[in-house]
Amino acid sequence: MKKYLLPAIMLILFEIIAVTLWITKDNLFYLFNFSYIGISIALGIFLFIRKHKNARRVTQLLVGLYMLVYLGLICNENMQIEGFWYYLFTGVFEAATIHYAVAKIFGVLIFGRGWCGYACWTAMVLDFLPYKIPSQPRKKIGWIRYITFAVSFLFVAGLFLARVGNIEIIMFWAFLIGNLLYYAVGIGLAFLFKDNRAFCKYICPITVFLKPMSYFSLLRVTCDTSKCISCGKCKKVCPMNVDVTDNSRKRENATECILCFECAKNCPKDAL
Ligand code: SF4
Ligand code: SF4
Ligand code: SF4
């Protein structure tokens, strides 16, 4: 039973978040929302432990579709970065601000970039593309993320400064158009660089939060160097080019790990 400790811990952590927000915000939605996400994540880890081939994808589709279709399209909640700025400027700790605090800012200190591996609806689509293992060296164009980050901030700040009316409607359309744009750019880059995760590596504005926070992440893949035979398989299959054999927090592309465990699955010595 010991091997099922991790899914149990994840479930309990999310239930704590669910119950705390339900009581403090007096809103039953938070109980449903975070319980659903916790169950989806725990199920994915459980399936992974049972060596199910598509364990991660199950969680990714359960959470990603829920957030994109139910929260985004049906409930009109802009959970993209523009929605985060919007709620931040209105001074409301609701929807997107809570989502960002849990999944993309403070939660990263515990779960690392688990969001990117198990929940993101952009990557949910990109992971269907054929280039799961990057075949080209990384490009030095990661600076683009700061531009997309600044553009998203200035767009929402501009709406507030210009006192534009109907911002909620604009936010809904920004969510729709923004997502279509992300998918178009993400798919285009994946084919151009033969790398499904090129969008994550170079363009995604959320990585401006994710990368520095994940440096300190509690949950991380480490290597038992006494077992490792330096075959290099782990680095070869890593979609994010992480040198996982180096246990230092400063290892190559350390803040890029999405906890997909492809490295561990492919290690011939169970060293990860
Ligand atoms: S880097 Fe951005 S697009 Fe990629 S999985 Fe993470 S949040 Fe999603
Ligand atoms: S796959 Fe395993 S044995 Fe090979 S280099 Fe990586 S950790 Fe070491
Ligand atoms: S393959 Fe390993 S090191 Fe690379 S992103 Fe996945 S879990 Fe992290």
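Annotations
- Folded to 0 to 90 degrees: helix 144-161 orientation relative to the chain principal axis, Cα: 20 degrees
- Cα gyration tensor category, rounded, prolate or oblate, for region 1-151 with a/c compared to 1.5: oblate
- Highest mean first, the peptides 138-151, 205-218 sorted by other C-beta atoms within 10 Å per residue fall in the order 205-218, 138-151.
- For the chain, the cysteines with no partner cysteine C-beta closer than 4.7 Å are CYS75, CYS116, CYS120, CYS200, CYS204, CYS223, CYS228, CYS231, CYS238, CYS257, CYS260, CYS267.
- For the residue pairs LYS2/LYS201; LYS132/LYS233; LYS3/LYS53; LYS2/LYS104; LYS139/LYS265; LYS211/LYS269, the C-alpha atoms sit more than 24 angstrom apart in LYS2/LYS201; LYS2/LYS104; LYS139/LYS265; LYS211/LYS269.
- When the chain is treated as a GNM with alpha-carbon contacts under 10 Å, the residue of SER152, SER226, SER40 showing the greatest mean-square fluctuation is SER226.
- Placing +1 on the Cβ of every Lys and Arg and -1 on the Cβ of every Asp and Glu, with nothing else charged, gives the chain a dipole about its Cα centre of roughly 1280 debye.
- In the elastic network of the chain, a GNM with C-alpha springs shorter than 10 Å, the most mobile of ASP246, ASP127, ASP26 is ASP26.
- Listed peptides 5-16, 231-242 by packing density, highest first (mean Cβ within 10 Å): 231-242, 5-16
- Gyration tensor verdict on the chain (Cα atoms; rounded if a/c is under 1.5, prolate if a/b is larger than b/c, oblate otherwise): oblate
- Between 0 and 90°, nearest 10: helix 55-65 axis offset from the chain longest Cα axis: 10 degrees
- Helix 81-90 vs. the chain, principal-axis angle (Cα, 0 to 90°, nearest 10): 40 degrees
- Prolate/oblate/rounded label for region 221-272 (Cα gyration tensor, a/c 1.5): oblate
Throughout, read-outs are computed from the coordinates displayed, never taken from laboratory work. On a predicted model such as this, the values are computed, not experimentally measured, just so you know. Methodologically, a virtual Cβ is constructed for each residue, glycine included, from the backbone with ideal geometry; neighbour enumeration extends over all protein chains shown.
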